[in-house]
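Derivation of every value follows stated rules applied to the coordinates shown; laboratory data play no part. Since the structure is predicted, the reported quantities are computational estimates derived from the model, not experimental observations. All Cβ positions, glycine included, derive from the backbone under ideal geometry; neighbour counts span all protein chains shown.
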Amino acid sequence: MFGNPQWFRPKAIGWGLVPVSFKGWLYTGGWIGAIAVPFLLLISRGQALEAFAWMTLGVGALAYDVRQILRSFRSPESVTATVAVPPKREDNVLYILDSNPGQCVATQNYNLHVRR
């Protein structure tokens, strides 16, 4: 995703985004220029097949980026993205650490002794 979700809001009717800041408008203008300028240059050179291939790939990339931004509005991770999440505790993991000599560690199937 290239666009920042803070630059946009979802459309009220239909599918897509509406820019809400000047960075969103610059981003939108950049996409229009990146798709339209090469398309027009290829058409003017008589390369219609390449122009339509460029248009298809450009619009596909834009739709993918818009979809990713829209997903970030709906995901709960967008709210907690700035909050540090503690690692998940795994109770079923046995850690064998340095301990006093002669101390036993017992599991369901084995009795372990620490050697030095």
Q) Phe73 to Asn109: FRET efficiency via 1/(1 + (r/R0)^6), r the Cβ-Cβ distance, R0 30 Å, to the nearest 0.05? A) 0.05
Q) Which parts of the stretch 2-30 would a label at Leu40 reach, counting a residue when its backbone N lies under 16 Å from a point 7 Å out along Cα-to-Cβ? A) 29-30
**Q.** Computed log₁₀ I(q)/I(0) - Debye formula, equal Cα scatterers, no solvent, the stretch 5-78, q 0.22, 0.24 Å⁻¹
**A.** -0.96, -1.05
